[in-house]
Each structure stands twice: as structure tokens, then as C-alpha cells.
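The values are calculated or read from the model by the stated rules, or taken from the named source; none is laboratory data. Please read all numbers here as calculations on a predicted model, not as lab measurements. Glycine also receives a Cβ, built like all others from the backbone with ideal geometry; neighbour counts cover every protein chain displayed. Note: accessible area is taken over every heavy atom of the protein model, side chains too, but ligands, DNA and RNA are not part of it. Shrake-Rupley method; radii C 1.70, N 1.55, O 1.52, S 1.80 Å.
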Amino acid sequence: MSAIRTLLITLTLMASSLTLMSSCGQTEPAKVQPLAYGELRLGSIKPEGWLRETLLRQRDGMTSRMDSLYPEVMGPRNGWLGGDGDQWERGPYWIDGLIPMAWILDDETLKQKARPWVEWALASQKENGFFGPDMDYPYERGLQRDNSHDWWPRMVVLKFMQQYWSATGDSRVIDFMRRYFRYQLNTLPTCPLGNWTSWATYRACDNLSSVIWLYRLTGEQWLLDLAAILHAQSHDYVHMFLETDELSRFSTIHCVNLAQGIKEPVVWWQCDPQQKYLDAVRTAFADIRKYNGVPSGMYGGDELLHGNNPTQGSELCSAVELMFSLEEMVRITGDLSFVEHLERVAFNALPTQLTDDFMARQYFQQANQVNISHCIHNFDITHGESDLVYGLLTGYPCCTSNFHQGWPKFVQNLWYSTPDGGLAALAYSPCRVTAMAGGQEVTIEERTRYPMEGNIKLLVSLHSPASFPLHLRIPSWTENASVTVNGSPVEASAPGSVAVISREWADGDVVELSFPMKVTTDKWYENAISVERGPLVYALEIQEEWVKKDNSFDPVHGEFYWEVHPKSPWNYGLVDFDDPAEAFEVTVDETKLASDWYWSLESAPIVITAKAKRIPYWTLYNGMAGPVPYSRMYGNPVIRDKNVETVRLIPYGCTTLRISEFPVIFRK
């Protein structure tokens, strides 16, 4: 048995009991479970290729300009800058994405925008440890300024403070958090998380995660006492996931609460390593997939949980918060299913919900989204009929404030430190990492066009030869994966595992990974199917007409919005088939593949063609796709004699209008 295989088996058997050094060089305290992977200092990982272009577009769009685009909330009046304006979640949301964007891109202008928020929060702390706004104000339309003491927005501030410390090492952050957590320890028994709103109860895991993070740095026992209080006052997700049917019914939980709260059992498992906490989360994901799931990795929640009909909405906040939850759970457990779910959301759901210039976004998106219009839809809620259209403030402005964290935090989680002194790449995208390994600073450049193709090249740079392991994920969806070092094959690991290459590395060494991608299908609502290749879902290519509409009569939802209407047919069913390899043909546009921007209709580098028929009775209903026809209906005379056409499917993330859940037309 090779050394590589031995290391792989060891990793598989002991993933949940690995030990690592924290990013500040201290050994972890023994009273919490060791992390499977360690987060690197913010700024250690730099995006390249299409990922860098994506961050630059986001920076030049809304992220760098929220204070001017949305001044009534993000300007000087904001309560988190000492003003009398909005003082709830929206300002901290922006900074939670602005800080990682600023330090990842090493952009001094963005850093200067973020620092006043950090400094004001630090300066606001009182002797007893409380910080932030502490005065309520009368109602003012468009602002949230009458609930200054709520626990929830402070949890977001704790998140951005952790990131600021990671980027700068500012010791004031540690003292700030220690004093606030002392305040919580003294106050929560008589003023619990749900005292002001339920949001803090459902999202307590973010607070809990920050407490455990500080404990790993300081080892102070009283922090675990606070962790126990936070867990006890949190919504009981273990009970919800294992002992109720709430994930199979409508309207049982807010979609963003679910995206954030789903990690609570795993976060608490660090303090109380009972198997039930891990089982609860696995059960929850299975139930979400079964009763509410859509191909993009998201679920029907518009805003309350709303089933798996492909015209139900999925909120942008849910996407970025689910990504963050998955990233947290990967580091805690090393569970590779969380990595694959993370890639599915990042590469499918996230790109399509923002315009190419990052100046407008959707509040809700649909899996089958064939028309985007300003009207009432079959959602749980309506915000001036604007929930589906693109705009700055359409739907509800929480997403305008919160989406900024999605791509930067994805970059930050492309590489990790490992317990055995090495580095790990679990999710893949073009980037460059510089970190300590083998006793010296190592830089690894990751050259790839992933997720469009499965070839990845890692170029190692270091001052002198050094020994350390590289941990590399082999995706579960690939077959016949190959790994080479300087052209020599290394024993490939099984799909859905981690290959560990432990050797002495020299400057200029090259690791090449090849993950063949084949076309597969999966089954969804009314037996409709999705078409998938690697981590990408493919959707019907529908030509678009964008129409800008004035909304000055209702500016709380933005001064304007964009409708998008189909300019080509959309009501296709795929002709039944036996073998996807024969039914679908993949074409690669090498010119587009070599570009730095993929996420638009015109830029899609991969096309899959398939045989299909129009379904004449599948038409618009209330401005959106009507009920999806049942797949493989026997003896359907309406479709039997229709012409077979060839349709084009492109990556879901490249679409605005789409069908991603296709009815299948039975042969008989």
C-alpha cells in the first residue's frame, strides 16, 4: 500500500478528530473539538482569472458605493456611525462583505470606507461591555431605528470584527469581544436573546461561533459557559430537524433563518461532540432537498419556507448566508458534502441573482424563471410587487446590504491550513495562496477554468525545499480522476475523498489535477429533470429583452427597476432518453473559455444540446411559467406529433431567464 493511500485512509477515518494549530500559532484548547481545517489570514488568498474579474466587478458596482447609492441607510446618519438613522442589520451587513473584499483585493479605498465602522464600534463600548447604538427613535419610512438594543445586529458586527482581526491582528478586537461576551454572560440570564426580536434566537449560532472562535484564542473557560447559554437560548434546531416535520411543511421558518441556523448544531458540536448534532444537519439537508430543493442548491423560501415548485422564490440573502454556513461547517467537520453544496450555490445560484455590473440584484430568483415582471407572484410575501425584478432596492433592501459577503468569503475559503502542517484546497477556482507550510512561506498559484472544466494546475513557489502535505479534494461527481506531480502519476483517490500528497517540495514543482466531467440528470418536482455537468447545472438558453422602468412613485423600493422578457420560446420538454451520454452533446467555445468573464448569456463558454419538443399548453401564468407539466405522461396526444427540435442549454449561472427543471416527454 502506497504512502499516499495510507494517508488518505487515515484522513478518512479520523477527519472529525484532527488537531491543528490556530492561525495565530497557539495550540487549540482541549475542551473543544479540534477543527478539521484552519482558516488562513484574511488576504492570504488572492483571486485570479474569472474570479478576480467577478470581485472587481462587484467592487466597482455596489460594494464600493453603498454610502452614495443608499445614503439614507449607509451614510453618516447610520446608527453604527453614531447617527440617528438606521441602526439595525443593514449597515453591519455591508461591512461584513466590505472588509473581506478590501483586504483580499488589497484596496486602500475600500479599507478606508470600512475603518470608520470598526473604530466607531470599538469606541462605543461602555464600561459594562455593551456596544453600539443605545437610543431608539420614532418611525421613519425606509429605516430601522426603533430597536437599538436588539442582540441580533451585534452578531453581524462580531463577524466583521473577527475578519478585521484576521486581516490586521489588531489586539483591540480581542479585548472588545472579551468585554462584550462578559456583558452577555451577565445579562442573557435575565434578558435573553428573544427579548427584543426572534431574529437573535434563530441566528444565535453566529454569536455562538464568535464565542468559540475567541475561546480557541484565549482558552478562557467562562467563554464556554457563555456558549452553553447561547446554545440553550437558540432555536432548537436539533429538535426541529430530527423530531418534527417542519421542513416538509410550508411557512414553518424564514428562509434566511434556515440558511443561517442550519449550522447551529455543528457549531455547538465543537463543545458537545454528540453524533446527534451532526445527524441533525445531515437529516435537515436531506429533507430540504426532498421537500423544498431546487437544482441550484437552494430551496423554495419566499420568505417563509415554500416547497419545491420551481416557480417559488429563493432569496439572495439565503444564498450568501447558506454559503457562509457551509464554509463554517467545512472547517469544523471536514465533511466534503458541504464543499460540494457550497460550489453548487456559488456557481449556480449566486451569479444569476446579480447583474453583470453588480448595480442591481433580485430579491427572489426562480429555478424556472421565464419572465421577470413587476406584479404579484405566488410568493409568501410581496413588497410592492417588486420581488422578482432587478433593482437596487427591489423586494426588501436586506439583500442589497448583505450580498457583498458571498464572493469574498468564497475566496477566503478556497484554501486552508491542515492539522499536519500542510495546506488544503477543497473548493476550486483560479487563485493564488501564500501561507506558512513546511516551516517557510509558500505560494501556490492555482490555474484553472473550473467550474467550466475540470483541469487544475498548481504551481509551487518557495525559497528552499520543504516537506509538507497537500490535501486535495477529489469531487464525488467525477470518474477516472488523475493527479500528477511534475508529470509523474500519483495514485488517484476515490471520488468524494481527499488525496494527500506528502513529499519534499521544491520551487517550480507542478501538480496537475484532472476531473473528467460527464453529463448527468437528477429528478425534481413533478418528475422534471435537471441536466448537470460537474458542479454546474445547465438551463435552457432563452433570449432576453431588458426593459428599465421608472419607480420614482415608490422610491422605498428604488427609483427604477429592470424587467426581463423572453425573446425566444421557453416551453420545451426534453425528449425521453435512456443514456445521457447519447442524449446530450457538449460543445466548448475555447475563446470564451479563455476569457475572464463567464456569467452572462453571451459569455457562456459551454453549451449542451438536446432534443426537445414544444409543449403548447405550458404557458405563462400570472407573469411566470405555469405549472410544470408532469414528466413522461403516457399517451399524450397533444405532444405526440410535435416536431423534435434541438435546444441549447448553458450554465445556470450564465442565465437570467431559464428552465432548469425540464419536463420529459414520454416516447409513447
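Sub-7 Å Cβ pairs linking a first residue in the stretch 635-659 that is basic (Lys, Arg) to a second residue that is surrounded by 17 or more Cβ atoms within 10 Å (Cβ to Cβ) and assigned to a helix (DSSP H, G or I), at least 6 apart or interchain, are ARG658/TYR652, ordered by first then second residue.
The residues on offer are THR352, THR382, and the sole one that is at pLDDT 95 or above, open to solvent by 10 Å² or more (accessible area, probe 1.4 Å) and farther than 30 Å from VAL511 by Cα is THR382.
Quick check on LEU158: is it buried (at least 20 other Cβ atoms within 10 Å of the Cβ) and in contact with a Phe, Trp or Tyr (Cβ under 8 Å, 6 or more places away or on another chain)? For LEU158, the condition - buried (at least 20 other Cβ atoms within 10 Å of the Cβ) and in contact with a Phe, Trp or Tyr (Cβ under 8 Å, 6 or more places away or on another chain) - is met.
Scanning the stretch 103-118 for residues that are touching a strand residue (DSSP E or B) at 6+ places or on another chain (Cβ under 9 Å) and open to solvent by 10 Å² or more (accessible area, probe 1.4 Å) gives LEU105, ASP106. Do the conditions hold for SER497, that is, is it closer than 17 Å to THR418 by Cβ, open to solvent by less than 40 Å² (accessible area, probe 1.4 Å), at pLDDT 95 or above and of a type in the set (Ser, Thr, Tyr)? Yes. The stretch 516-571 holds strands (runs of 3 or more DSSP E) entirely within its bounds, and those carrying 3 or more residues that are surrounded by 15 or more Cβ atoms within 10 Å (Cβ to Cβ) map to 519-523, 529-533, 536-540, 560-566. Going residue by residue through the stretch 180-188, is there one that turns out to be modelled with pLDDT of 95 or more, more than 30 Å from the chain's Cα centre (by Cα) and open to solvent by 40 Å² or more (accessible area, probe 1.4 Å)? Yes: the stretch 180-188 contains one or more residues that are modelled with pLDDT of 95 or more, more than 30 Å from the chain's Cα centre (by Cα) and open to solvent by 40 Å² or more (accessible area, probe 1.4 Å).
Matching residues to (1) open to solvent by less than 10 Å² (accessible area, probe 1.4 Å); (2) without any contact (Cβ under 8 Å) to a residue 12 or more places away in the chain; (3) small (Gly, Ala, Ser):
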{"position": "ARG77", "(1), (2), (3)": "no, yes, no"}
{"position": "TRP80", "(1), (2), (3)": "yes, no, no"}
{"position": "GLY85", "(1), (2), (3)": "yes, no, yes"}
{"position": "ARG90", "(1), (2), (3)": "yes, no, no"}
{"position": "ILE95", "(1), (2), (3)": "yes, no, no"}
{"position": "MET101", "(1), (2), (3)": "yes, no, no"}
{"position": "PHE131", "(1), (2), (3)": "yes, no, no"}
{"position": "ASP136", "(1), (2), (3)": "no, no, no"}
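Of the set (1) surrounded by 17 or more Cβ atoms within 10 Å (Cβ to Cβ); (2) modelled with pLDDT of 95 or more; (3) of a type in the set (A, V, I, L, M), all apply to LEU620 but (1). Taking residues in the stretch 150-178 that are closer than 15 Å to ILE104 by Cα and among the aromatic types (Phe, Trp, Tyr), and partners anywhere that are open to solvent by 10 Å² or more (accessible area, probe 1.4 Å) and not in a helix (DSSP H, G or I), the pairs with Cβ atoms closer than 9 Å and at least 6 places apart or on different chains are TYR164/LEU42; TYR164/ASP170; TRP165/LEU42. Restricting the stretch 654-668 to residues that are of a type in the set (A, V, I, L, M, F, W, C) and part of a loop (DSSP other than H, G, I, E, B) leaves a set whose member that is nearest to LEU593 (Cα to Cα) is LEU657. In summary, CYS191 fulfils each of the numbered conditions (1) open to solvent by 10 Å² or more (accessible area, probe 1.4 Å); (2) in a helix (DSSP H, G or I) with the single exception of condition (2). Just one of the listed residues (PRO310, PRO273, PRO295) is open to solvent by 20 Å² or more (accessible area, probe 1.4 Å), at pLDDT 95 or above, of a type outside the set (A, V, I, L, M, F, W, C) and more than 22 Å from PRO92 (Cβ to Cβ), namely PRO273.
Yes or no: ALA227 in a helix (DSSP H, G or I), touching a Cys at 6+ places or on another chain (Cβ under 9 Å) and buried (at least 21 other Cβ atoms within 10 Å of the Cβ)? Explain how you work it out, then say what you get.
Details: in a helix (DSSP H, G or I): yes; touching a Cys at 6+ places or on another chain (Cβ under 9 Å): yes; buried (at least 21 other Cβ atoms within 10 Å of the Cβ): yes.
Here the answer is yes, as ALA227 does meet what is asked.
Within the stretch 478-493, track down each residue that is touching a residue at least 40 places away in the same chain (Cβ under 8 Å) and open to solvent by less than 50 Å² (accessible area, probe 1.4 Å). Listed by number, the residues that qualify are THR478, VAL490, SER493. You will find that of SER401, SER373, the residue that is open to solvent by less than 10 Å² (accessible area, probe 1.4 Å), modelled with pLDDT of 95 or more and hydroxyl-bearing (Ser, Thr, Tyr) is SER401 and no other. Output yes when any residue across the stretch 114-136 is within 26 Å of the chain's Cα centre (by Cα) and among the charged types (D, E, K, R), and no when none is. The answer is yes, given that some residue of the stretch 114-136 is within 26 Å of the chain's Cα centre (by Cα) and among the charged types (D, E, K, R).
Being more than 24 Å from TRP196 (Cα to Cα), at pLDDT 95 or above and not hydroxyl-bearing (Ser, Thr, Tyr) is a property that GLN58 has. Considering THR382, THR333, THR355, the condition of being without any contact (Cβ under 8 Å) to a residue 12 or more places away in the chain, on the phi < 0 side of the Ramachandran plot and not small (Gly, Ala, Ser) is satisfied by THR382 alone. Across the stretch 25-50, which residue is surrounded by the most Cβ atoms within 10 Å (Cβ to Cβ) among those that are of a type in the set (S, T, N, Q) and at pLDDT 95 or above? So the residue we want is SER44. Selection of first residues in the stretch 545-573 that are at positive phi and of second residues that are open to solvent by less than 40 Å² (accessible area, probe 1.4 Å) and among the hydroxyl-bearing types (Ser, Thr, Tyr), restricted to Cβ pairs under 7 Å at least 6 apart or on distinct chains, gives the following pairs, ordered by first then second residue: GLY558/THR394.
Taking the condition of being touching a residue at least 60 places away in the same chain (Cβ under 8 Å) and touching a Lys or Arg at 6+ places or on another chain (Cβ under 7 Å), how many residues in the stretch 422-445 meet it? The qualifying residues number 5. The condition of being charged (D, E, K, R), open to solvent by 10 Å² or more (accessible area, probe 1.4 Å) and either assigned to a helix (DSSP H, G or I) or modelled with pLDDT of 95 or more (or both) holds for only one of GLU321, GLU328, GLU343, that being GLU328. The residues of the stretch 280-328 that are hydrophobic (A, V, I, L, M, F, W, C) and without any contact (Cβ under 8 Å) to a residue 12 or more places away in the chain amount to a single one, ALA286. Among the residues making up the stretch 629-645, none is exposed (fewer than 14 other Cβ atoms within 10 Å of the Cβ) and touching a helix residue (DSSP H, G or I) at 6+ places or on another chain (Cβ under 6 Å).
On inspection, GLU446 qualifies as acidic (Asp, Glu) and open to solvent by less than 10 Å² (accessible area, probe 1.4 Å). Yes or no: the stretch 348-355 includes at least one residue that is of a type in the set (A, V, I, L, M) and farther than 29 Å from ALA499 by Cα. Within the stretch 348-355 (the criterion being of a type in the set (A, V, I, L, M) and farther than 29 Å from ALA499 by Cα), the answer is yes, since at least one residue qualifies. Against the list (1) surrounded by 17 or more Cβ atoms within 10 Å (Cβ to Cβ); (2) more than 18 Å from GLY454 (Cβ to Cβ), the condition ASP596 fails is (1).
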